[in-house]
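Below is one structure, written out as structure tokens; comments come after it.
The values are calculated or read from the model by the stated rules, or taken from the named source; none is laboratory data. Source: prediction; values computed, not measured. We place every Cβ from the backbone using ideal geometry, glycine too, and count neighbours over all the protein chains shown.
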Amino acid sequence: MNEHGLRLFDPRKSSVWRLTLAFAAITAVTLLLAIILIYQLLLGEQSRQVERRLDAEKTRIEALASEFDKGSFFQQLDVFRNEGEILIFWQSEYEQSQQLSFLPDNIPALPQTIVFPVLDTGRGQIRLLTTGKVKTHHGDIVLATATEHLQRLIVDFKSIASWTFIIAIVLTGLFGYLFSRRHLRRVNYFNETAEQVQNGDLSARLSHKNKGDEFDRLAAHINTMLDAVEENFALVQGITDNIAHDLKTPLTRLKLNIEKRLEDQPQMGYELEQLNNIINTFDAMLKLTRLEHGQFPLKLETIDSSQLTHDVCEILQPSAEQNGQIICVNITSPWQLNGDRNLIFQAIFNLVENAIKYAGKGATITLALDEKSFSVTDNGKGVNEQDLKQLTKRFYRSDPARQHEGFGLGLATVKAICNRHKLNLSLSSDNGFCVKITND
Amino acid sequence: MKLLLVEDDQQNREFLYKAFVEQGYTLDCAEDGQQGLMLATCEHYDAIVLDRMLPKLDGLQVLLALRATGKTTPVLILSALDKVDDRVTGLKAGGDDYLTKPFSFSELAIRVENLIKRHTFHAPLTTKINLANLTLDYSDQRVDVNGKTLNLQPKEFKLLRYLLDHQNKLVTRTLLFESVWEYHFDPGTNVIDVHIARLRKKLAEASAQLEIETVRGVGYRLKANVS
């Protein structure tokens, strides 16, 4: 797992953020509904009252128009004009009632209305009039009522409602973002601890409060689980250490004794070699196990990768020559590699040694190094697709007769070393066999 | 030369005692950590061979206590644990060298010898090593046989020098690999054998009166072959 990937994880990718977005959407809809409802209940009702009043006036004027002739009709209107809140204007050949300085042309017929501002010269202020027209056979009568209070209320309401809406959404988003960041930090903390454990630090634990939230309860459960794992691990570790110790003391005796007898009986050399093979296999297995379980602390340093490549080539060159093989070193640019020098050496050594063993006589083995990869390629007979997947497994060897010496741990160890260094190992077989180690 | 051997396994202790005495060392033996620490602080030794896992007092604690008293006696740690971190902690605690069980006595002997040499280092009067008709001069990286310069690769030169430094002694492959190629790693039998074979061939072509003997299961021994 990539450590940086975890730390730089974008809060906007978290599930809490998605919940926040959903929650913000629900809030927006709810708020909108509430605003519409309040508007309808308070201001809508008042608007409708105004409309009803204008409508009632319209009915009255229409009745008057049908009842009276033109002259008396306008007289009646004059009377009306002075008694109610409704302003009445008309234009006729007899007289012109004009309380307003300006009357727009586009006044619709009632029940449609229009709101327009007028300057009341008497009071010296701008008034808002809700206006509609009544069509009679005596001419058009314009009805108007001052609704500036209502209009102001509507404007204020709209402005307050939209600000409330915006602030509510922004706050929901902001808190959601903060919550998801906090949430993510806690999840990252879990991830980091998990990674620590994965890298072999079994003592890593999650800190938590005793009666905390669901995270604390999860942490408590994970800790209990880790306690159990660590206990078992220590038990197994103790057993392997004891086996190693109990086995190695007698092996030491055996080795020292055979070596002692070599002086008089040189043929004991064969027995000693066999014993060494057993010890080496045993050591290689232990080492591989420790590497795989992250119990092998790395001694990190900046490695001179081109020197290391030359060293491997130099040490294995004579062995290759014995097989009539040629080793080519192709260094484009050195790889700035931070790792355990001895382990990286072992990995590259194993790869080249494998190539020498399996590429066949007369093959060319190419070691290529560039800024972020190392590869060993040979032009031998290659490996079939099925074997390719099995090669990095322990004790797997593609030659069933096991005619070459070795334990079948070579590539498994390379794989474990690469994993331990967070490097990629890829095997391919197009022409011959190619193993590539890459960064990321 | 006086050595202190701290090892709890009786058979191994007796074997090592005899083998070191045969090499001309004087030895004190201790069978647990307490006894070992007492001897190490009270007596003077040229080197100490210390087992890592000991009864009563752990090898690492013995080492830490010894270093705390200011003693700089070189210490070689023997360990059955075979963990690299063990090696690192051992060396950090003040150990000078480290050997994993099971080991070969030849390797232990050379490591102890190297430790003592390093500890009581005096600049040698000459930069030349002679054996039979061969002279190696490490100040100007030259090897002469019968007055004729031998053409060697840098690693071949180092290999020959190490063998000459330890002439007539059994040198193991791990020791050679560690000092010539400077990686802590066991490359297996064949790889070093091929390099030795090349060196042998070059020496023979120059008719050097030397022989690199292969001792199966252990390593190599360089000796004069004057016939």
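Remarks
- Only one entry of A:276, A:232, A:242 meets the criterion of being surrounded by 14 or more Cβ atoms within 10 Å (Cβ to Cβ) and assigned to a helix (DSSP H, G or I), and that entry is A:276.
- Pairs where the first residue, in the stretch A:282-302, is over 21 Å from residue A:202 (Cα atoms) and the second is of a type outside the set (D, E, K, R), C-beta under 6 Å, 6+ apart: A:284/A:407; A:284/A:409; A:302/A:338
- Criterion (within 14 Å of chain A (Cβ to nearest Cβ) and at pLDDT 90 or above) met by exactly one of B:216, B:173, B:161, B:221: B:221
- Sole residue being at pLDDT below 90 and touching a strand residue (DSSP E or B) at 6+ places or on another chain (Cβ under 8 Å), chosen from B:13, B:87: B:87
- Selection status of residue A:393, part of a helix (DSSP H, G or I), assigned by TED's automatic domain parsing to the domain that holds residue A:305 and either modelled with pLDDT under 90 or charged (D, E, K, R) (or both): no
- Total residues in the stretch B:108-163 satisfying the condition of being in a loop (DSSP other than H, G, I, E, B) and buried (at least 19 other Cβ atoms within 10 Å of the Cβ): the figure is 2.
- The test for being farther than 14 Å from residue B:104 by Cβ, of a type in the set (A, V, I, L, M) and facing chain B (nearest Cβ under 10 Å) does not hold for residue A:234.
- Scanning the stretch B:214-227 for residues that are surrounded by 15 or more Cβ atoms within 10 Å (Cβ to Cβ) and either more than 18 Å from residue A:269 (Cβ to Cβ) or not basic (Lys, Arg) (or both) turns up B:214, B:215, B:217, B:218, B:219, B:220, B:222, B:224.
- Restricting attention to the stretch A:287-301 and to residues that are over 32 Å from the mean Cα position of the chain (by Cα) and surrounded by fewer than 19 Cβ atoms within 10 Å (Cβ to Cβ), the residue that is nearest to residue A:373 (Cα to Cα) turns out to be A:301.
- Flag if residue A:309 is touching an Asp or Glu at 6+ places or on another chain (Cβ under 7 Å), away from chain B (no Cβ under 11 Å) and touching a residue at least 24 places away in the same chain (Cβ under 8 Å): no
- All of B:197, B:204 fail the test of being within 11 Å of another protein chain (Cβ to nearest Cβ), part of a helix (DSSP H, G or I), modelled with pLDDT of 85 or more and surrounded by fewer than 18 Cβ atoms within 10 Å (Cβ to Cβ), apart from B:197.
- Selection count, the stretch A:343-373, where residues are in contact with a helix residue (DSSP H, G or I) (Cβ under 8 Å, 6 or more places away or on another chain), in contact (Cβ under 8 Å) with a residue 40 or more places away in the chain and within 11 Å of chain B (Cβ to nearest Cβ): 9
- Flag for residue A:175 being surrounded by fewer than 16 Cβ atoms within 10 Å (Cβ to Cβ) and within 30 Å of residue A:417 (Cβ to Cβ): no
- One residue from A:281, A:289, A:302 being touching a Leu at 6+ places or on another chain (Cβ under 9 Å), of a type outside the set (D, E, K, R) and in a helix (DSSP H, G or I): A:281
- Of the residues making up the stretch A:136-182, those that are touching a Leu at 6+ places or on another chain (Cβ under 9 Å), assigned to a helix (DSSP H, G or I) and of a type in the set (Ser, Thr, Tyr) number 2.
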